[in-house]
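Enquirer: Submitted below is the structure of interest, expressed as structure tokens.
Only the coordinates and a few stated rules stand behind these numbers; no lab work does. This one's a predicted model, so the numbers in the text were calculated from it and none came from an experiment. Using ideal geometry, Cβ is built from the backbone for each residue, glycine included, and neighbour counts are taken over all protein chains shown.
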Amino acid sequence: MCGIVGYVGPTQNGTASDVVMEGLARLEYRGYDSAGIATLDGDTVAIRKRSGKLINLRAEIDAHPLPPTTTAIGHTRWATHGGPTDNNAHPHRGGFDGRLALIHNGIIENFHSLKTRLVDTGVSFSSETDTEVAAHLVAAAYERTGDLTEAMRAAVAHLEGAFTLLAIHADQPGVVVGARRNSPLVVGLGEGANYLGSDVAAFIGHTREAMELGQDQIVTITPTSVSVIGFDGTPAEGKAYHVDWDAAAAEKGGFPSFMEKEIQDQPHAVGDTLLGRTDAQGRLMLDELRISEESLREVTKIVIIACGTSSYAGMVAKYAIEHWTRIPCEVELAHEFRYRDPVVDQRTLVISLSQSGETMDTLMAVKHANELGALTVAICNTHGSTIPRESDAVLYTHAGPEIAVASTKAFVAQITACYLLGLYLAQLRGGAGAGQVQQVMRDLHDIPAKIETVLGRMDRVREIARFMADTRSVLFLGRHVGFPIALEGALKLKEIAYIHAEGFAAGELKHGPIALIEPGQPVFVIVPSPQTPHDLHAKVVSNIQEIRARGARTLVIAHDGDDDVVPFADEVIRVPECPPLLAPLLTIVPLQVFACELASAKGLDVDQPRNLAKSVTVE
Ligand code: M6R
């Protein structure tokens with residue numbers, strides 16, 4: 001939610017505003033209700049801001065150009081307090097003279113009482129945002145201290161909630177000050193220039209050297225220095241790291257949308273996540289896990305926490321983890337886990353799944369798990385993000401940057417990483433699961449090529465999607481690991497094509513959902529591999545017959561060679577044969593392509609669907 005960019009540096013390679021606008025373009029996926037920029041113009045601050053997407057801000061800047069400058073901050077907004085209007089767009093000015101500009105990501109929970117106090121002292125507000133309170137507080141503190149870093153420190157002492165703030169002041173050219181609490185902010189380290197961003201995409205076009213900041217820290221950048229202090233004023237050090245992807249990875253590269261590119265990227269997402277995880281003897285090594293083998297051997301319960309698509313990856317993983325480890329595994333939405341009274345102790349392993357590593361609901365749940373004494377492992381795609389930092393250990397997925405709001409490649413990478421973790425636990429604990437590790441690893445290594453095969457067969461799926469552009473409702477049925485795939489297929493369609501879609505467990509059909517079936521109702525059915533135990537394949541084939549008998553149009557995803565489905569399918573979409581537990585890595589692909597193609601056929605913005613943002617950094 002909200003993208004933030006700050007820059008200080010020379011003007012010769014384009015001005016600070018160009019650098020910040022480029023950063024905003026790369027961060028627009030974080031929020032696109034409005035955008036704005038503030039730069040220093042002589043001894044005043046110049047601000048341009050517009051509601052709507054970045055293109056509106058560009059038009060505004062073309063109409064009213066910004067002066068060449070060394071210092072700028074920029075913001076792309078997902079609205080929380082106050083609608084997506086020009087006035088509510090960031091940056092906001094602070095102080096009676098308006099010589100300070102500030103941008104914000106997060107929510108200032110006590111803004112109402114702070115605002116009342118400020119109004120009582122004669123401050124007038126020009127927006128409905130919580131952010132403007134922070135702008136006035138920093139400006140007032142600057143009046144007293146004459147130092148922007150100290151002013152920021154004084155102001156954050158009054159704020160409750162989650163926030164990243166960046167500020168510039170007309171008196172201090174060449175300085176940007178940032179503060180963070182429970183909200184992302186990373187530093188980009190350049191030569192003669194430095195950067196701040198909600199994530200590294202903000203500055204990846206300029207530098208791949210970055211620095212993580214800790215919780216409750218303030219950073220001050222000038223062209224030649226980066227200094228960090230805690231909210232209590234004590235000096236602190238950021239942790240420098242190299243970003244292992246480049247600007248090209250954050251570009252569409254000839255694809256019509258980021259989502260299409262990321263769908264096509266899935267063989268790499270899985271392959272790269274598997275890379276380097278085994279030794280010469282084929283034993284799994286998860287060196288990044290900083291939890292002792294002994295503690296992992298003693299785990300008696302696993303809880304997977306996540307939101308949205310990541311939670312569906314967790315649901316898939318549960319089937320495999322329990323099968324291999326025989327440890328009971330629950331999956332829970334992070335926001336539900338956080339506010340009940342879960343039974344968790346030191347022998348509980350809490351695995352959080354998050355592409356961004358910044359989802360506030362998941363972050364709060366991880367903190368709660370830590371408080372309860374659990375072992376916490378993050379499976380995350382974003383280096384330097386908050387959730388890994390708050391966890392005992394991290395296992396990174398290597399899907400590369402995911403820009404489209406609808407998650408695709410991160411999903412398959414998360415499942416892959418969960419499988420690695422499950423197999424590793426099985427290997428450590430011995431037993432029947434340990435004997436399967438090498439075979440499953442071989443099967444996993446076959447998956448990237450099989451995803452390529454699925455991707456090569458998508459012409460008919462695209463045709464079906466275009467044909468169905470006017471469809472008002474689509475149902476998805478799955479069983480066993482196909483059930484979370486049905487949920488994920490439905491979520492994809494809802495979020496980017498705005499079509500009513502629901503996923504069901506096929507076994508649940510006769511307990512209610514079958515009442516929805518009427519002539520012509522399209523239903524995707526994810527058929528389990530014929531090798532799935534307990535004859536589940538036959539049971540799902542029966543379900544297809546039951547819905548077809550009631551007029552459903554059946555779109556059946558089945559494995560190569562599974563001819564049992566043919567008589568009852570209006571369309572058969574084939575995936576290569578593969579072991580039942582790994583099938584989700586293949587069966588999800590046609591559903592992603594279907595949603596993407598259908599949304600495109602409707603003329604929708606596939607990458608930036610309405611009302612959503614990539615990274616949900618508020619609860
Ligand atoms: O970054 P995270 O994985 O924590 O995000 C969780 C969800 O917000 C995310 O998966 C969301 O559901 C996606 N838009 C789904 O495509």
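Enquirer: Given Cβ point charges of +1 (Lys, Arg) and -1 (Asp, Glu) and nothing else, what value in debye, to the nearest 20, does the dipole of region 80-201 about its Cα centre take?
Expert: In total the dipole reaches around 140 debye.
Enquirer: What FRET efficiency do you get for ASP18 and HIS158 if R0 is 35 Å and r is their Cβ-Cβ distance, rounded to the nearest 0.05?
Expert: Efficiency computed from Cβ-Cβ geometry: 0.50.
Enquirer: Taking other Cβ within 10 Å of each residue's Cβ, how do ARG550, ARG26 sort, fewest first?
Expert: ARG550, ARG26
Enquirer: Highest first, please rank the peptides 218-229, 433-444 by the mean number of other Cβ atoms sitting within 10 Å of their residues.
Expert: The densest-packed peptide leads the list: 218-229, 433-444.
Enquirer: Count the net charge of all other residues whose Cβ sits under 10 Å from the Cβ of ARG208, scoring Lys and Arg as +1 and Asp and Glu as -1.
Expert: -3
Enquirer: Mind putting a number on the dipole of region 310-450 about its Cα centre? Charges go on the C-beta only, +1 for Lys and Arg and -1 for Asp and Glu, and I need it in Debye to the nearest 20.
Expert: 340 debye
Enquirer: Quick check: from the Cα gyration tensor, does the chain come out rounded (a/c under 1.5), prolate or oblate?
Expert: prolate
Enquirer: In addition: Just order 122-133, 509-520 by mean Cβ neighbour count inside 10 Å, highest at the front, would you?
Expert: For the peptides 122-133, 509-520, the packing ranking is 122-133, 509-520.
Enquirer: Given labels modelled 7 Å from the Cα in the Cβ direction, how far is it in nm from THR453 to LEU372?
Expert: 4.2 nm
Enquirer: Using Cα pairs under 8 angstrom and six or more residues apart, how large is the relative contact order of region 459-601, in percent?
Expert: 30 percent
Enquirer: Mind listing the long-range amide H neighbours of VAL618? Cut-off is under 5 Å, sequence gap 5 or more, other chains count too, H placed in the peptide plane at 1.01 Å from N.
Expert: Amide H neighbours of VAL618: MET360.
Enquirer: Starting with the fewest neighbours, write out LEU349, LEU395 ranked by other beta-carbon atoms found within 10 Å of each beta-carbon.
Expert: So the ranking, lowest neighbour count to highest, is LEU395, LEU349.
Enquirer: Now for a different question. How far apart, in nm, are two points set 7 Å out from the Cα along the Cα-to-Cβ line at GLU109 and at ARG610?
Expert: 3.2 nm
Enquirer: Still on this structure, please answer the following. Please report the relative contact order for the chain, taking Cα pairs under 8 Å with a sequence separation of at least 6, and give it as a percent rounded to a whole number.
Expert: 12 percent
Enquirer: Relative to the present Cα-Cα distance, how much length would full extension add between ARG117 and GLU143 at 0.36 nm per residue of separation?
Expert: Taking ARG117 through GLU143 to full extension adds about 7.6 nm, to one decimal.
Enquirer: Under a Cβ-Cβ cut-off of 10 Å, what is the net charge of the residues other than ILE387 that fall near it, where Lys and Arg count +1 and Asp and Glu count -1?
Expert: 0
Enquirer: So, R0 is 60 Å and r is the distance between the beta-carbons of HIS445 and ASP470; what FRET efficiency does that work out to, to 0.05?
Expert: 0.90
Enquirer: For TYR241 and THR300, calculate 0.36 nm times their separation in residues minus their Cα-Cα distance, and state this gained length in nm to one decimal.
Expert: Full extension from TYR241 to THR300 adds 17.7 nm.
Enquirer: In a shell of Cβ-Cβ distance under 15 Å around ILE517, excluding ILE517 itself, what net charge do Lys and Arg (+1) and Asp and Glu (-1) give?
Expert: Here the count lands on 0.
Enquirer: With a/c under 1.5 counting as rounded, go ahead and sort region 3-243 into rounded, prolate or oblate using the C-alpha gyration tensor (a ≥ b ≥ c being the square roots of the eigenvalues; past the cut-off, prolate if a/b is larger than b/c, else oblate).
Expert: Judged from the Cα gyration tensor, region 3-243 comes out rounded (a/c under 1.5).
Enquirer: Any idea which of VAL556, VAL540, ILE499 is furthest toward the positive side of the dipole for region 469-619, if Lys and Arg beta-carbons carry +1 and Asp and Glu beta-carbons -1?
Expert: Checked the options; the winner is ILE499.
Enquirer: Test of understanding: what is the full-extension gain from ARG460 to LYS510, defined as 0.36 nm times their sequence separation minus their Cα-Cα distance?
Expert: Full-extension gain reported as 15.0 nm.
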